[in-house]
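Encoded as structure tokens, the structure appears first; notes follow it.
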Amino acid sequence: MAATSSGGQSDASSEPGDIRGDTRGVMRGDTRGDIGGDTRGGTRTAAARLPSLTGLRFIAAALVFAFHSSLTNFPLSPFADEDVAHGYEWLFSKAGWMGVSFFFILSGFVLTWSARGSDTLTSFWRRRLLKIYPNHVVVWALAMLLFAAQFTPPSAWVPNLFLIHSWFPQHDTFISVNLPSWSLCSELLFYLLFPFFLKLVRKIPVRQLWLWAGAMVVGMIGIQLVVQFLLPSSPQTPEKYPLSVVQWWFAYNFPPVRLFEFLLGMITARAVLAGRWIRLPLGAAGALVALSYAAALAAPWLYGLYAVTAIPLALLIVSVAQVDTAGRRTALRSRAAIWLGEISFGFYVIHYVVMYVVRTMIMDEGRVGTLAGFAVLAVIFGVSMVGGWLLYIGVERPVMRRWGRSRKPAATPPMTEPDDSGGQSRTQPVAG
């Protein structure tokens, strides 16, 4: 969007999260700091791999694409027929926000799921930075070269380059250069705080995990109440959203407010590992997400950003993870789906650049008939997939292979989850 945010892959993330897990993840207790911390009352396990969640990432990234391609206040929607354009925009008006919320919850879930005591703090942070920053820099440079340098001042592109722009309340800063990059600011904050949050989450009594998951949703609602009643309501956003620039920034783009989703993912991962999460069938979880999307469309605007959909998304992630740990086959763990998941972060970070170039530089903001409009979107989508694949094979994978490996790999045995209900401790199975 020329001046709007999706609401955000992530590692699709945001960085939409590496579903196959940072399996060298959470750290030895040495003098350099340890991520694993005290395991009393917490989870330490050799966790199964989750290929279906990798496949699910691309669907979330596609939702963000659909949201951006629907925007009519900016030259991204290709449809000349106003009824078609506004109907398409309404249908996907919450899609980007749901996709990004999925990535934030997923990041907390996957990092907690794969956390092990075989690494140092600095190694963990190095790997997470390498996972998202090289792709960001490449696409940032491409966007600056093609269009952004013409209208983006240094006060905006410098913070964007260093992924701190979402900390600034100025609209032309937190929405700048390559717009989906705002969510990477939140991901960096998640990665920075994860080692410390993990110690706290592991200290939550198992019986209280559900209560704390609910508290995260209460926190999300609390943020929206602050926005609605305590922040100034003008001037209105350039996107014509029903709130002011500072309200939009604080409600959606300011990294600390998205910690509730990340923590929800962490808590649900620990609950699953402790055997304390409900076993919801995958079809039912998907239906619940669809219903929550419909509810978000009908809910007051602020509360449809992420508060309505957070718990259903967490339940979907849990259901998919449970299917994988049971070894059941799903379409999401097919080779094609996993490949799409692997390129999803690249797709996420490059799709807006492709969309903007096609709609403004090639089509000169012109709008076309319905069938031609869908053809335009299909071309943009396909080119974005190719771009995502090139980023994956040319940047992300080589960087991770060269610098992202743990220097001192260590085998991690199965660990037990203390059961504070008075029963016997349970040993988590090793799988994958």
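The values are calculated or read from the model by the stated rules, or taken from the named source; none is laboratory data. This one's a predicted model, so the numbers in the text were calculated from it and none came from an experiment. Using ideal geometry, Cβ is built from the backbone for each residue, glycine included, and neighbour counts are taken over all protein chains shown. Calculation scope for accessible area: heavy atoms of the full protein, side chains included, ligands and nucleic acids excluded. Shrake-Rupley method; radii C 1.70, N 1.55, O 1.52, S 1.80 Å.
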Exercise for the section: Determine the shape class of the stretch 45-146: with a ≥ b ≥ c the square roots of the Cα gyration tensor eigenvalues, call it rounded for a/c under 1.5, and otherwise prolate if a/b is greater than b/c, oblate otherwise. Expected result: oblate
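Given +1 on the Cβ of Lys and Arg, -1 on the Cβ of Asp and Glu, and no further charges, what dipole in debye does the stretch 329-401 carry about its Cα centre, rounded to the nearest 20? If you can, show how the numbers build up before the last one.
Values: 7 positive and 4 negative charges, 81 e Å.
In total the dipole reaches around 380 debye.
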Exercise for the section: Please label the shape of the stretch 95-146 as rounded, prolate or oblate, based on the square roots a ≥ b ≥ c of the eigenvalues of the alpha-carbon gyration tensor (a/c under 1.5 means rounded; beyond that, a/b larger than b/c means prolate, else oblate). Expected result: oblate
Practice task
Take the alpha carbon gyration tensor of the stretch 131-281, find the square roots of its eigenvalues, order them as a ≥ b ≥ c, and report rounded if a/c is under 1.5; if not, report prolate when a/b exceeds b/c, else oblate.
Solution key: oblate
Handout entry: Heavy-atom SASA rank of Leu291, Leu263 (probe 1.4 Å, accessible area, largest first)
Key = Leu291, Leu263
Exercise for the section: Go through the stretch 252-261 residue by residue and turn each phi into a ³J(HN,Hα) via Karplus (6.51, -1.76, 1.60, θ = phi - 60°); whole Hz please, and just put x for glycine and proline. Expected result: 10, 9, 5, x, x, 6, 8, 5, 4, 5
Practice task
Quick one: grab Rg to one decimal and Dmax as a whole number for the stretch 100-216, Cα atoms only, in Å.
Solution key: 17.1, 56
Completion exercise
Residues whose built amide H sits under 5 Å from the amide H of Val368, excluding neighbours closer than 5 in sequence, are Phe79, Ala80
Practice task
Send over a whole-number figure in Å² for the accessible area per residue of the stretch 210-365, probe 1.4 Å.
Solution key: 39
